[in-house]
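Participant: Questions regarding the structure given below will be posed in turn.
The values are calculated or read from the model by the stated rules, or taken from the named source; none is laboratory data. As the structure is a computational prediction, the values presented were derived from the model and not from experiment. Here the Cβ positions follow ideal geometry from the backbone for every residue, glycine too, while neighbour counts run over all protein chains shown.
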Amino acid sequence: MRFPFSREKSSPFSLDSRFAVAKNVTAAASNEELVLCDFTSGRYIVLNNVAGSIWRLVGSGASGTDVIAALRQEFPDAPPTLEAETQELLRCLVKQSLLTRQ
């Protein structure tokens, strides 16, 4: 999974968290990618198909734990780093104010 933001070391947060899409963000599908538009900053972010799946799941109310379970079903050959990478993506999306933790 590629991250749309630079990775920084930070402490993990609970995957039991639920998230909400920030009001200033909209998403549109483009081929196998998902394009996010942050109207506050004017940034466009492109998520690959796995990150797009994560975005759609959290946008529908899934917790981080729910997301991991769904991804393991959708991508049975996912690497063992799936949980850590999902957690890192969620952290990045929150840090960039694209998602909020509820």
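Participant: Could you check how many residues of the range 65-89 are of a type in the set (A, V, I, L, M, F, W, C), closer than 11 Å to Leu15 by Cα and buried (at least 16 other Cβ atoms within 10 Å of the Cβ)?
Facilitator: 2
Participant: Could you check, for the range 26-38, whether at least one of its residues is buried (at least 17 other Cβ atoms within 10 Å of the Cβ) and either modelled with pLDDT under 90 or part of a loop (DSSP other than H, G, I, E, B) (or both)?
Facilitator: No: the range 26-38 contains no residue that is buried (at least 17 other Cβ atoms within 10 Å of the Cβ) and either modelled with pLDDT under 90 or part of a loop (DSSP other than H, G, I, E, B) (or both).
Participant: Quick one: in the range 39-59, of everything that is among the aliphatic types (A, V, I, L, M) and outside any strand (DSSP E or B), which residue is surrounded by the most Cβ atoms within 10 Å (Cβ to Cβ)?
Facilitator: Per the criteria, the residue is Ile54.
Participant: Please verify whether the range 35-52 includes one or more residues that are of a type in the set (Phe, Trp, Tyr) and within 18 Å of Phe19 (Cα to Cα).
Facilitator: no
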